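A.B. asks: Here you go, one structure.
The values are calculated or read from the model by the stated rules, or taken from the named source; none is laboratory data. Remember, predicted model here, so these are calculated numbers, not experimental data. Every residue, glycine among them, receives a Cβ derived from its backbone with ideal geometry; neighbour counts consider all protein chains shown.
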Amino acid sequence: QGQNKYTGMIEDCCYDYEVIDSINGEVLHPLLQELVTTSFFRYFKVKLWCDCPFWPDDGMCRLRDCSVCECPENEFPETFKKPWTNGLSPDDLVCQEGKPQSTVDRTLDSRAFRDWIVADNPWTNDDETDNGEMTYVNLQLNPERFTGYTGPSARRIWDAVYSENCPRYSSGEICPEKKVLYKLISGLHTSITIHIASDYLLDETTNQWGENVEILYQRVLKYPDRVQNLYFTFLFVLRAVTKAADYLELAEYDTGNHSEDLKTQSLMKQLLYSHKLQAACPLPFDEAKLWQGQSGPQLKQQIQKQFRNISALMDCVGCEKCRLWGKLQVLGLGTALKILFSIDGHNSPVQHLQLQRNEVIALLNLLNRLSESVKYVHEKGPSVEKIFGQVTEPA
Ligand code: FAD
C-alpha cells in the first residue's frame, strides 16, 4: 500500500480529502448502498429510445424495444455476439440485465408516483411529463460498468460535451460559474471511467469480469485534476442533498410495501442528518458565492442552456445502458443544480422547492455512484499509483 497523495482541502469546498474519505467510508457509502436497493430508489423512469437532436445520421437511438444493455452490435465485444457453447443457452449469455425481469413492473406508476409533482426541470432537456414514451428500469439489474462502448461514437459525445458546452478552463481565465460546470462534468466523467475500470470484461473467451487497474491509472489516476473534480462533484451533490434535507425528509416514499418504505425513510433520515457530516463541515460547497456579479442572471441562463444541451446529448449515447446511466446521472446533476440555484442563500427556506420523484431517485443514485468512485479511488489509488506511477512513459 502506498501513501494517498490527495491531502489538504478540496478546491472550493470546506472539506479536506481525509475527512471526506473517512465520512464516506464510515457513514455515507454504507447508507447509500442500502438506500439504492429499496423499491423506491431502484426503479428509474426513463425515455430510452429517442431521437438524437445533433447527429440524425447516428442511428444509435432507434431501437425502441431493445432491452437496456443491448448496445448496437458493433459496440460489443465479440463474445457477446457469439453463440455460447459451454452448456449455457444464448439467453444466459447475452445481457443478463436485459432479460424480462429487468424491464419493470409498470403498475408501479399509479402507486409510486402518487403525491409527486410532475413539472419541468429548467436544467434538463427531457420532458418529464411525457409519460407515454417512458419505461422503467431496475437499476440494480443494470449496473454501470464496462459495456464495450468506445470509439468515434463515444468520443463524439465527450468532445461535444467539453468543447461545445464547458470548455476546459485555465485558471484565472474563466468565471467561477463556468468552472463549476466544467468540474461537474469532468467529475462525472471520472466516476463513469472508474465504474468501467472496476467492473471490466477481462477475458472475452472465458467471460471473466474484474478490475482493470491499468485503465484506472491511465485514464484517471494519471490526471490528478480528474480525481479532484470527482471529489468536487461528490461534495456538490452532497451539498444539494443536505440543502434539500427538510424537503427530502418529508417526501413521500410510499411504494405499497410498508416495512420497506419505513426502512427507506429511516435510511434517508440517517443520511440527511448524519452528525458526523454536520460536525465535519455543515457546508460542503458554498453555492451562495455564485451568480453575484452584475451579469449573474444572464450568466445563469447561459449556463442553464449549456447544461440542457449536455442533457440533450445523452440521447445520442449509442449504447443503451450507457445512455440509461448517462441520463440518470445528468438528471441527478440537473437536480442538484436546481436545488442549489433555485433557492437563494444558505438559510432560505426550501418550501418553494419542488422535486419530482424521478429527480430524487436520480439525485440519490448519482450520489451513490460518486460515493462508490470516491471510495474506490481512496482504497485502490495508492497501490495502483505505486505500480504504474513508476513506469516511465516512452518519449
Ligand atoms: P474517454 O473516456 O472517451 O474520454 C475522451 C477524452 O476526454 C479523453 O481523451 C480525455 O482527453 C478527456 N477526458 C477523459 N476523462 C476526463 C475527465 N474526467 N475530465 C476531463 N476530461 C477527461 N462505456 C462503458 O463501457 N460503460 C458505460 O457505462 C459508459 N457510459 C458512458 C456514458 C456516457 C454519457 C458516455 C458519453 C460514454 C460512456 N461510455 C461508457 C464510454 C466511455 O465513457 C469512454 O468513452 C470509452 O470507454 C472510451 O474511452 P477513452 O479512453 O477513449 O476516453
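A.B. asks: Taking segment 204-225 as the region of interest, how many residues are exposed (fewer than 13 other Cβ atoms within 10 Å of the Cβ), more than 19 Å from Lys183 (Cα to Cα) and out of contact with any strand residue (DSSP E or B) (no Cβ under 9 Å at 6 or more places or on another chain)?
C.D. replies: 2
A.B. asks: Related question: If you go through segment 179-199 one residue at a time, do you hit one that is in a helix (DSSP H, G or I), farther than 22 Å from Pro53 by Cβ, more than 10 Å from the ligand (Cβ to nearest atom) and at pLDDT 90 or above?
C.D. replies: Yes, the conditions are met somewhere in segment 179-199.
A.B. asks: Also, I was wondering about something else. For Val391, state whether it is of a type in the set (Val, Ile, Thr) and at pLDDT below 85.
C.D. replies: The answer is yes for Val391.
A.B. asks: Something else: In segment 351-384, which residue that is among the aliphatic types (A, V, I, L, M) and closer than 16 Å to Ile215 by Cβ is farthest from the chain's Cα centre (by Cα)?
C.D. replies: So, considering only residues that are among the aliphatic types (A, V, I, L, M) and closer than 16 Å to Ile215 by Cβ, the one farthest from the chain's Cα centre (by Cα) is Val384.
A.B. asks: May I pose another question? Look through segment 163-178, keep the residues that are surrounded by 18 or more Cβ atoms within 10 Å (Cβ to Cβ) and at pLDDT below 75, and return whichever of them is farthest from the ligand (Cβ to nearest atom).
C.D. replies: Checked segment 163-178; the qualifying residue farthest from the ligand (Cβ to nearest atom) is Asn165.
A.B. asks: Considering (1) at pLDDT 95 or above; (2) touching a helix residue (DSSP H, G or I) at 6+ places or on another chain (Cβ under 7 Å); (3) within 9 Å of the ligand (Cβ to nearest atom), say which one Glu211 fails and leave the rest.
C.D. replies: It is condition (3) that Glu211 fails.
A.B. asks: Hey, could you check segment 301-320 for residues that are touching a helix residue (DSSP H, G or I) at 6+ places or on another chain (Cβ under 7 Å) and of a type outside the set (A, V, I, L, M) and say which is nearest to Ile192 (Cα to Cα)?
C.D. replies: Among those residues, the one meeting the criterion is Cys319.
A.B. asks: Being outside any helix (DSSP H, G or I) and within 16 Å of the ligand (Cβ to nearest atom), is that true of even one residue in segment 220-241?
C.D. replies: Yes, some residue in segment 220-241 is outside any helix (DSSP H, G or I) and within 16 Å of the ligand (Cβ to nearest atom).
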